[in-house]
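Student: Here's a structure for you.
The values are calculated or read from the model by the stated rules, or taken from the named source; none is laboratory data. Keep in mind that this is a model prediction, so the values were computed, not measured. As a convention, Cβ positions derive from the backbone with ideal geometry for all residues, glycine included, and neighbour counts pool all protein chains shown. Remember, those area values only see protein heavy atoms, side chains included, never the ligands or the DNA or RNA. Shrake-Rupley method; radii C 1.70, N 1.55, O 1.52, S 1.80 Å.
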Amino acid sequence: MTSVAKIQEEILALSETDYRQLRQWLNELDRDEWDRQIEEDSNAGRLDFLIVEALEAKEKGTLKNLEDL
């Protein structure tokens, strides 16, 4: 049995409370990783095109207010 299979088996045996705690922890881990990736991409300039697009849309008068969505 692989490590992943063992972990999956253990997860299925968790109480509902423990399972919810594990799920919350995994979600937080994912959010932290997402934040790290966004920061890395931003620092590297990989998101600069979004600023350009927003400025162009503002100039054309087609920029949408997020509150209106």
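Student: Do any residues in region 1-18 that are of a type in the set (Asp, Glu) and at pLDDT 95 or above have Cβ atoms under 9 Å from those of residues that are open to solvent by 90 Å² or more (accessible area, probe 1.4 Å) and assigned to a loop (DSSP other than H, G, I, E, B), where the two are at least six apart or on different chains, and which pairs are they?
Tutor: Close Cβ pairs (under 9 Å, with a partner that is open to solvent by 90 Å² or more (accessible area, probe 1.4 Å) and assigned to a loop (DSSP other than H, G, I, E, B)) amount to Glu9/Met1.
Residue by residue, here is whether (1) assigned to a loop (DSSP other than H, G, I, E, B); (2) aromatic (Phe, Trp, Tyr) holds:
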| position | (1), (2) |
| --- | --- |
| Val4 | no, no |
| Asp18 | no, no |
| Leu22 | no, no |
| Glu28 | no, no |
| Glu39 | no, no |
| Phe49 | no, yes |
| Glu53 | no, no |
| Lys58 | no, no |
| Leu63 | yes, no |
